[in-house]
Amino acid sequence: MFTGRTVRRCAALLLALALTATGCGSSGDDGTAAAEGGTRVFKADNGSITIPAKPQRVVATGYAVPPLIEAGAPLVGISTWKRGVPMMDAQTKATYDRLPKVAGEQAAETNYEAIAKAKPDLIVIGVPAPVLGDIDVNRLKSIAPVVAIGPTVPRAWRELSRRQADAAGVLQKYDATKTQYEAKAAQLAAKYKDVLPKLKFAHVGAYGEVSKGNFQREFDGSWGTNVANDIGAKYYGQVKQKGTGSRSVSEYPSIEELPSAFAEADAITYSVNTDGSVPESVKYVLDSDLWKNLPAVKAGRTYPIRYTEAATYRQAMMTLDAIDKSFAPLLKQ
Amino acid sequence: MTAAGREAGVRRPERTGAAAGQAAVLAAGVALLAAVAVVSIGVGAHRVAPGEVVRALVAYDGSADQMIVRDVRAPRALLAVGVGAALAVAGVLVQTLSRNPLAEPGILGVTAGAGFAVTVGSALGAAAAPAGQLAVATAGAVLAAVLVYAVGRSSPLRLVLTGVALSAVLSGVSLGMRLMLPDVFDQYRFWSVGSLAGRERAPLALPLAAIGIAVVGALLLGRALNAVALGDNVAHALGVSVTRVRSTALVLITVLAGAATAVAGPIMFVGLIVPHAVRPLARGSVPWLTVHAAVFGAVLLLLADMGSRVLLPTGEVPVAIVTAFIGGPVLIWAVRRYGAGAS
């Protein structure tokens with residue numbers, strides 16, 4: 001026979017089980033709910049880290065900010081990321097503006113107290129490995145598990161942002177955008193299949209250590225070229241002295257080397273700002289007589305590319321649209 | 001023959017001989033300058049055959065190699081000559097004026113003034129293009145020099161102290177602004193390490209003309225500076241207006257160092273090294289020191305600029321880094337020499 005007390009206990013137990021199973025339990029303010037939901041081991045730049053299987057309160061910094069906002073991660077704090085703002089759509093920008101800023105543009109501007117106050121159950125750091133030294137990771141680890149997933153070579157944003165989304169438990173939504181991007185890229189590759197494979201491309205970039213007297217030449221897989229690569233554009237040549245990161249796919253020769261660097265190019269693309277204006281470092285190249293004397297320039301085959309700093313699939317779709325608009329005259333030639 | 005006549009008769013051949021010696025040194029310097037300038041336009045990141053270099057100058061046909069020589073290297077060599085001469089002559093003036101053999105043009109706040117103006121100009125969006133950068137740097141250099149002169153004109157020591165103090169204040173404020181504004185820091189960091197690269201399309205005619213006029217002015221002022229170098233009382237006794245000489249010299253330093261810094265960014269040590277290096281040749285004559293400094297300052301910057309193009313296999317380094325490498329050991333030599341002379 002069941003007494004009333006036993007029935008009440010069973011009902012409470014069933015309710016607790018149901019809430020746990022559906023994830024409707026209160027997360028509380030102490031970030032312990034995720035731990036109750038289980039943990040998993042995640043492989044990051046800083047080692048194999050035990051993180052919540054389903055994080056509820058995530059802090060993101062650096063390159064992790066745009067992909068995690070776009071994928072709808074449960075963010076409670078982010079770093080500022082001004083360079084990504086011009087490539088954010090209205091919804092992403094609204095979320096970016098709304099979220100508390102717990103770190104600045106530089107890794108050294110990390111506000112540990114603000115991060116602790118946000119009570120995260122996961123911290124995703126998206127800065128390059130050398131910059132990680134500017135952050136007191138042990139101090140962050142005392143607040144919540146820390147996964148560092150930073151940029152390496154430019155075209156690796158695909159894998160890196162996916163891993164960031166995976167850590168934050170929002171892989172499903174992220175992959176949906178990835179599928180959209182791949183479909184769009186395939187569509188454009190088909191559109192330009194009779195034109196692009198026949199051309200040898202070269203690119204003038206505007207990223208990194210461009211100063212007066214030199215220019216940035218980008219090869220396959222660099223910031224200015226990786227999205228164009230996805231629709232079939234091939235950038236010939238390779239870096240003379242390979243470095244690490246973006247230095248493995250781009251170099252900064254003297255302006256004197258412009259004629260020899262681009263002598264074989266059938267077509268030249270160049271990076272422009274998100275509003276279409278030409279950056280000062282690229283303008284320096286475009287205004288020179290050496291540029292005007294290049295075969296590709298004389299043939300009228302120069303193409304500006306916007307959104308070359310895209311580091312998420314949603315941003316890269318904007319790059320695809322910009323490339324399509326810029327390359328359109330190629331179909332008429 | 002009177003005693004005075006005998007003395008003059010003895011001195012005149014000595015003076016004539018000394019002047020001939022100085023003229024010979026000058027001729028050798030000019031020949032060296034011409035040779036280094038020719039080599040300078042033949043050397044660079046892209047290899048151009050010597051015959052093509054000559055044809056670019058005498059029979060231009062618009063090929064890529066000739067374009068490199070005419071449009072990139074020749075203006076750069078001209079700029080090196082102007083900036084090198086300007087900094088070296090400014091160094092002579094500031095060392096003579098302050099009676100401090102370790103002084104250099106930046107000590108009077110000109111470089112810090114230009115740097116502060118570039119920082120503020122970058123924050124306001126006025127220093128992104130080369131012409132804008134040139135204008136704000138010049139304005140900053142002039143304003144800093146006026147302020148230093150207004151406060152410290154009563155004595156050379158006060159002038160130097162005011163320059164050092166103003167430099168510290170302006171550098172501190174600039175640093176604060178750059179720390180708060182990363183975009184400004186980005187623009188400033190390329191300007192702050194002086195370089196002659198990429199200036200070929202900047203409006204250089206006006207600053208180079210100003211440098212030319214100021215160098216001539218410094219030569220004309222040399223005789224009066226000779227007297228001022230002996231002390232204010234001696235200069236007064238010789239009929240030289242110390243105040244007028246000092247203010248004229250400061251204007252010339254401002255024009256020379258300000259124009260050089262505006263077009264190339266801060267290039268340290270040229271204004272310090274060259275006067276020391278050529279002082280033994282000038283034999284105590286400020287006018288000859290000025291002439292030799294102008295020639296050898298140009299030679300030094302041409303050589304340093306060639307080094308900046310070819311020293312590293314990875315690409316160019318700013319010329320200010322090369323002069324700093326040369327300047328460090330020379331500064332130690334100068335300090336030791338000054339110390340030995342003083343003891």
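The values are calculated or read from the model by the stated rules, or taken from the named source; none is laboratory data. The shown structure was predicted, so the numbers you read here are calculated from the model rather than taken from an experiment. No Cβ is skipped: glycine too gets one built from the backbone with ideal geometry, and neighbour counts run over all protein chains shown. The accessibility values were calculated without ligands, DNA or RNA, using every heavy atom of the protein model including side chains. Shrake-Rupley method; radii C 1.70, N 1.55, O 1.52, S 1.80 Å.
Measuring r between the beta carbons of B:R158 and B:A24 and using R0 = 45 Å, the FRET efficiency lands at 0.65. With a 1.4 Å probe rolled over the protein heavy atoms of all chains, the accessible area of A:D136, A:D194 falls in the order A:D194, A:D136, largest first. For A:D220, nonlocal amide neighbours, meaning residues 5 or more places apart or on other chains whose placed amide H falls under 5 Å from its own, are A:Y235. Convex hull volume per residue, computed on the Cα atoms of region B:132-203, equals 110 Å³. The slack in the chain from B:R55 to B:A205, taken as 0.36 nm per residue of separation less the alpha-carbon distance, amounts to 51.5 nm. Projection of the Cα convex hull of region A:192-332, averaged over all directions and equal to a quarter of that hull's surface, yields 7.8 nm².
Can you classify region B:159-298 as rounded, prolate or oblate using the Cα gyration tensor, where a ≥ b ≥ c are the square roots of its eigenvalues, rounded means a/c under 1.5, and otherwise it's prolate if a/b beats b/c and oblate if not? Because a/c hits 1.5 or more and a/b exceeds b/c, region B:159-298 counts as prolate. Name the residue farthest towards the positive end of the dipole of region A:27-169 from the options A:T110, A:P66, A:L132, assuming +1 on Cβ of Lys and Arg, -1 on Cβ of Asp and Glu, about the Cα centre. Working it through, the farthest residue towards the positive pole turns out to be A:P66.
Residue ranking by accessible heavy-atom surface, 1.4 Å probe, largest first, among B:H236, B:H276 comes out as B:H236, B:H276. Where a ≥ b ≥ c are the square roots of the eigenvalues of the C-alpha gyration tensor, would you call region B:37-167 rounded, which needs a/c under 1.5, or, failing that, prolate if a/b is larger than b/c, or oblate? Here region B:37-167 falls in the oblate category. Its Cα centre serving as origin, chain A has a Cβ charge dipole (Lys and Arg +1, Asp and Glu -1) of approximately 900 debye. Per-residue accessible area (protein heavy atoms, 1.4 Å probe) orders A:V239, A:V85 as A:V85, A:V239, starting from the largest.
For chain B, the relative contact order is 27 percent, taking Cα pairs closer than 8 Å that sit 6 or more residues apart in sequence and dividing their mean separation by the residue count. The relative contact order of region B:245-331 comes to 32 percent, based on Cα pairs under 8 Å that sit 6 or more residues apart. Summarising the amide proton neighbourhood of A:Y270: residues at separation of 5 or more, or on other chains, whose placed amide H is nearer than 5 Å comprise A:V204, A:Y303, A:I305.
A 1.4 Å probe, protein heavy atoms only, puts the accessible area of B:S63 near 40 Å². Report ³J(HN,Hα) in whole Hz for each residue of region B:102-114, in order, from the Karplus equation J = 6.51 cos²θ - 1.76 cosθ + 1.60 where θ = phi - 60°; Gly and Pro get x. Per-residue couplings from phi come out as 9, 7, 9, x, x, 5, 8, x, 5, 5, 5, x, 5 Hz. Please name which of B:L170, B:F190, B:V54 has its Cα lying farthest along the dipole of the protein assembly as shown towards the positive end, using unit charges on Cβ (Lys, Arg +1; Asp, Glu -1) and the Cα centre as origin. Farthest towards the positive pole: B:L170. Measuring r between the beta carbons of A:Y236 and A:T179 and using R0 = 41 Å, the FRET efficiency lands at 0.85.
A probe of 1.4 angstrom, applied to the heavy atoms of all protein chains, finds A:D266 with accessible area near 50 square angstrom. With K and R counted +1 and D and E -1, the other residues having a Cβ less than 14 Å from that of A:Y307 yield a net charge of -1. Helical content of the protein assembly as shown, expressed as a calculated mean residue ellipticity at 222 nm, amounts to -18500 deg cm²/dmol (DSSP H runs of 4 or more residues, -39,500 (n - 2.57) each, divided by residue number, nearest 500).
Rolling a 1.4 Å probe across all protein chains gives A:T92 an accessible area of roughly 10 Å².
The 3J(HN,Hα) values that the Karplus relation (6.51, -1.76, 1.60; θ = phi - 60°) gives for region B:273-286 are, in residue order, 5, 4, x, 5, 5, 9, 4, x, 6, 7, 6, x, 9, 5 Hz. Gly and Pro appear as x. Rounded to the nearest Hz, the phi-derived 3J(HN,Hα) couplings of region B:141-149 under the Karplus curve 6.51 cos²θ - 1.76 cosθ + 1.60 (θ = phi - 60°) are 5, 5, 4, 4, 5, 4, 5, 4, 5, where x marks glycine and proline.
Taking amide H as placed 1.01 Å from N in the peptide plane, the amide H of A:A44 sits under 5 Å from that of A:I49, each at least 5 places away or on another chain. The charge dipole of region A:74-157, taken about the Cα centre with unit charges on the Cβ atoms of Lys, Arg (+1) and Asp, Glu (-1), comes to about 140 debye, rounded to the nearest 20.
Basic side chains Lys and Arg get +1 at the Cβ, acidic Asp and Glu get -1 at the Cβ, and with that the dipole of chain B about its Cα centre reaches some 940 debye. Look at the alpha carbon pairs under 8 Å that are at least 6 residues apart: their mean separation over the length of region A:192-332 gives a relative contact order of 26 percent. Each of the chymotrypsin sites (Phe, Trp or Tyr not before Pro) that DSSP puts in a loop and that has at most 16 other Cβ atoms within 10 Å breaks chain A; the longest unbroken stretch is A:3-235.
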